[in-house]
Amino acid sequence: MTYDVMQEVGAIDFAPLSRAAEILQNVRMVLTTLKKSVPMDRDFGISGELVDLPIPAAQARYTSMIVAAVHRYEPRAQVVSVNYRGDGKEGVLTPIVKVRLRDESA
């Protein structure tokens, strides 16, 4: 089973009702946190260095950063694909990250 995770800020649930809800919330947190903004872990999150890159280059670099960050900070999720909403006219790329939850026994 796969889940789509959007890069959107939402309320934090400190007691998720399921393992899946906890993992998906953690992936969302990785996507919405700007690198260097977390005091005790400056490497957490996604870099803001993509400004002014051509859209194809930005998508490629952004996808690479998303896969690496999710792998590092929420290893219970596996990125299956990253698609984007937005275009060059708007200057905004919004990732839609499809993840699969890893089996606990793996």
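Bear in mind that the values in this text are calculations on the coordinates, not laboratory data. Remember, predicted model here, so these are calculated numbers, not experimental data. When we count neighbours, we look across all protein chains shown, and the Cβ atoms used for this are built from the backbone with ideal geometry, even at glycine.
Assorted remarks:
- Residues of segment 1-44 with amide N under 20 Å of a point placed 7 Å along Cα→Cβ from V80: 1-8, 18-31
- Axis angle, to the nearest 10 degrees, between helix 19-32 and the longest C-alpha principal axis of the chain: 20 degrees.
- With contacts taken as Cα pairs under 8 Å at a separation of at least 6 residues, segment 2-101 carries a relative contact order of 31 percent.
- Ranked list, fewest to most other Cβ atoms within 10 Å of each Cβ, for M65, M1, M29: M1, M29, M65
- Percent of alpha-carbon pairs separated by more than 16 Å within segment 2-101: 56 percent
- Each part gets one Cα centre, and for segment 1-54 versus segment 71-97 those centres are 10 Å apart.
- Stretchable slack from A68 to D103, in nm (0.36 nm times residue separation minus alpha-carbon distance): 10.7 nm
- Here's the picture: a label point sits 7 Å out from the Cα of I96 along the beta-carbon direction, and within segment 43-73 the residues with their amide nitrogen under 19 Å of it are 56, 59-60, 62-64, 66-67.
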